[in-house]
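Undergrad: Can you read through this structure? Questions will come right after.
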Amino acid sequence: MRPIDTNMRLSQTLFGATFHNPVLLAAGTCGFGEELEDALDLEALGGIVTKSVTLEPRAGNPPPRVVEAGNAMLNSVGLANPGLERVCSEKLPWMREHLSSIQVFVSVAGHVPDEYWRIIEGLESVGGFLGYELNLSCPNDTRLGGLPFALDPDALRVVVEGARKLTDRPLLVKLAPNVPDIGPVAEAAEDAGADGVTLVNTMPGLLIDIASRRAALGAGSGGLSGPALRAVGVHAVHRARACTSITLLGVGGITAAEDAIQYLLAGASLVQVGTATFADPRAAQRVVMGIARYTEKMGIENVQDLIGVVQGTDRPVPVSGGPR
Ligand code: RRO
């Protein structure tokens, strides 16, 4: 294994683990790491979040699955993934061997609470990763009998409380941006036993091809991501910081270090780069280097000194910056 060039300014201990820097690859944009192995230096990152894993394999939605949407991207991938069994037999062993120096969260998705719990039980029996990110907010997959779990705090609580009983690993909950106030949703996740929340998943959207008068995506509507989502994500982090004391992970529209730093200032301890990786597989590495340059230039000893210290916002945030 190659030694890590650790920049102590960027290093943090969170969930009892060392993150060499605050930049992770977001779920659904890096497969299980292996898919991007030749395109960037994964070990230069803080970590990755895998594609969401479901109980059974999923082939995904009909094409096109991704379309450009101005300063954004619309997707309806439809949770394409190899399913729990192959993740345990192929993906986890690869990640254990190749990503042992960075932190891996496995994203978990399902239609009903029991599916989330069975996937966690299956993954627990194999191990080889740090923790879970419960995807309760996919806009392209319906919860049996209702809205995505993250749009219904009571439904969210059921999944998270059940998951909490099954594992001591760090448990993150990924929230949706399309709620009236994300603060109470983050609070519900904290009350139910989550160690952190990831804000935000994509925003439901629809694009129409006017020549064919059909939806531009094969599946109809999809989830909007990219730069257009950034202000929504930064606001969500800021709001969650005011309502909770658990660790926050910011995601949405990060293409450069300046974007990631906004999330840190709003209260996120970690950030995730998603859509930007499609245009430039090294985007996340650029973000790491940019944050390092910024901390050096500003004389900031550790990136934690940036977390949650934004001023001049409409709602107060803790000046201490939340969890360390
Ligand atoms: O696979 C998808 O279509 C998908 C997922 Br699971 C998600 O969480 N968010 C998204 O925009 N697409």
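The values are calculated or read from the model by the stated rules, or taken from the named source; none is laboratory data. Fair warning: this is a prediction, and the values are worked out from it, not measured in the lab. Neighbour counts are summed over all protein chains in view; Cβ atoms, including those assigned to glycine, are modelled from backbone coordinates with ideal geometry.
Residues are listed down the side, and each one gets a yes or a no for (1) outside any loop (DSSP other than H, G, I, E, B); (2) at pLDDT 95 or above; (3) among the polar types (S, T, N, Q):
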site	(1), (2), (3)
Q262	yes, yes, yes
D305	yes, yes, no
G308	no, yes, no
G322	no, no, no
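Undergrad: Any residue in region 76-83 that is surrounded by fewer than 19 Cβ atoms within 10 Å (Cβ to Cβ) and over 19 Å from T29 (Cβ atoms)?
TA: Yes, region 76-83 contains a residue that is surrounded by fewer than 19 Cβ atoms within 10 Å (Cβ to Cβ) and over 19 Å from T29 (Cβ atoms).
Undergrad: Shifting gears a bit: Condition first: out of contact with any helix residue (DSSP H, G or I) (no Cβ under 7 Å at 6 or more places or on another chain) and within 15 Å of the ligand (Cβ to nearest atom). Now tell me which residues in region 95-113 satisfy that. Even if it seems obvious, please write down each step before you answer.
TA: Narrowing region 95-113 to residues out of contact with any helix residue (DSSP H, G or I) (no Cβ under 7 Å at 6 or more places or on another chain): 95-98, 100, 103, 105, 107, 109, 111-112.
Scanning region 95-113 gives F105, S107, A109, H111.
Undergrad: Sort out which residues of region 37-64 are more than 15 Å from the ligand (Cβ to nearest atom) and either part of a loop (DSSP other than H, G, I, E, B) or at pLDDT below 95 (or both), and write them in order of number.
TA: E37, D38, A39, L40, D41, L45, G46
Undergrad: May I ask you to verify whether L92 is within 30 Å of I261 (Cβ to Cβ), away from the ligand (no atom under 14 Å from the Cβ) and modelled with pLDDT of 95 or more? First the steps, then the outcome.
TA: Details: within 30 Å of I261 (Cβ to Cβ): no; away from the ligand (no atom under 14 Å from the Cβ): yes; modelled with pLDDT of 95 or more: yes.
So L92 does not fit the description; no.
Undergrad: Take G46 and tell me if it is out of contact with any Pro (no Cβ under 6 Å at 6 or more places or on another chain) and not polar (S, T, N, Q).
TA: When the stated conditions are applied, G46 does not pass them.
Undergrad: Here's something else I'd like to know. Suppose we keep only residues that are in contact with a helix residue (DSSP H, G or I) (Cβ under 6 Å, 6 or more places away or on another chain) and away from the ligand (no atom under 12 Å from the Cβ) within region 122-142. Which one would you say is nearest to T54 (Cα to Cα)?
TA: G122
Undergrad: Looking at A72, A26, which one is over 30 Å from N7 (Cα atoms) and touching a residue at least 12 places away in the same chain (Cβ under 8 Å)?
TA: Details: A26 fails: over 30 Å from N7 (Cα atoms).
Being over 30 Å from N7 (Cα atoms) and touching a residue at least 12 places away in the same chain (Cβ under 8 Å) holds for just one of A72, A26, which is A72.
Undergrad: Another question about this same structure. Can you tell me which residue within region 206-228, out of those that are buried (at least 20 other Cβ atoms within 10 Å of the Cβ) and under 22 Å from the mean Cα position of the chain (by Cα), is nearest to the ligand (Cβ to nearest atom)?
TA: G223
Undergrad: Give the residue, chosen from G31, G83, G46, that is free of Cβ contacts under 8 Å to residues at least 24 places away in the same chain and either touching a Leu at 6+ places or on another chain (Cβ under 9 Å) or among the small types (G, A, S) (or both). Outline the logic, then answer.
TA: Details: G83 fails: free of Cβ contacts under 8 Å to residues at least 24 places away in the same chain; G46 fails: free of Cβ contacts under 8 Å to residues at least 24 places away in the same chain.
Of the residues listed, the single one that is free of Cβ contacts under 8 Å to residues at least 24 places away in the same chain and either touching a Leu at 6+ places or on another chain (Cβ under 9 Å) or among the small types (G, A, S) (or both) is G31.
Undergrad: Test T255 against the criterion of being part of a strand (DSSP E or B), farther than 14 Å from A69 by Cβ and of a type in the set (S, T, N, Q), and give yes or no.
TA: Values: part of a strand (DSSP E or B): no; farther than 14 Å from A69 by Cβ: yes; of a type in the set (S, T, N, Q): yes.
For T255, the condition - part of a strand (DSSP E or B), farther than 14 Å from A69 by Cβ and of a type in the set (S, T, N, Q) - is not met.
Undergrad: Within region 170-196, can you find the residues that are assigned to a loop (DSSP other than H, G, I, E, B), out of contact with any Lys or Arg (no Cβ under 9 Å at 6 or more places or on another chain), in contact (Cβ under 8 Å) with a residue 60 or more places away in the chain and more than 16 Å from the ligand (Cβ to nearest atom)? First the steps, then the outcome.
TA: Going through region 170-196, the residues assigned to a loop (DSSP other than H, G, I, E, B) turn out to be 170, 176-181, 192-195.
Those left that are additionally out of contact with any Lys or Arg (no Cβ under 9 Å at 6 or more places or on another chain): 170, 176-180.
From the residues that got through so far, the ones that are in contact (Cβ under 8 Å) with a residue 60 or more places away in the chain too are 170, 177.
Result: P170, single match.
Undergrad: Here is a further query. Which of the residues spanning region 65-96 are farther than 16 Å from V49 by Cα, among the charged types (D, E, K, R) and in a helix (DSSP H, G or I)?
TA: Across region 65-96, the qualifying residues are E85, R86, E90.
Undergrad: Hey, among T255, T167, which residue is among the polar types (S, T, N, Q) and within 23 Å of Y132 (Cβ to Cβ)?
TA: Details: T255 fails: within 23 Å of Y132 (Cβ to Cβ).
Only one candidate qualifies: T167.
Undergrad: Which one is farthest from L134 (Cα to Cα), of the residues in region 258-273 that are of a type outside the set (A, V, I, L, M) and out of contact with any Ser or Thr (no Cβ under 6 Å at 6 or more places or on another chain)? Don't jump to the end; show me each part of the working.
TA: Within region 258-273, the subset of a type outside the set (A, V, I, L, M) is 258-259, 262-263, 267, 269, 272.
Next, only the ones that are out of contact with any Ser or Thr (no Cβ under 6 Å at 6 or more places or on another chain) stay: 258-259, 262-263, 267, 272.
Numbers: E258: 28, D259: 24, Q262: 24, Y263: 21, G267: 20, Q272: 15 Å.
In this case the residue turns out to be E258.
Undergrad: Might you check whether a residue that is closer than 20 Å to V310 by Cα and touching a Pro at 6+ places or on another chain (Cβ under 9 Å) occurs anywhere in region 216-232? Before the answer, list the steps.
TA: Start the filter on region 216-232 by keeping residues that are closer than 20 Å to V310 by Cα, which leaves 229-232.
Checking the rest, the ones that are also touching a Pro at 6+ places or on another chain (Cβ under 9 Å) come to 229, 232.
Yes - at least one qualifying residue is present in region 216-232.
So that you can scan it fast, the table gives a plain yes or no per residue for (1) under 29 Å from A231 (Cβ atoms); (2) of a type in the set (D, E, K, R):
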{"position": "A69", "(1), (2)": "yes, no"}
{"position": "E85", "(1), (2)": "no, yes"}
{"position": "L123", "(1), (2)": "no, no"}
{"position": "Y132", "(1), (2)": "yes, no"}
{"position": "D141", "(1), (2)": "yes, yes"}
{"position": "A155", "(1), (2)": "yes, no"}
{"position": "V160", "(1), (2)": "yes, no"}
{"position": "D168", "(1), (2)": "no, yes"}
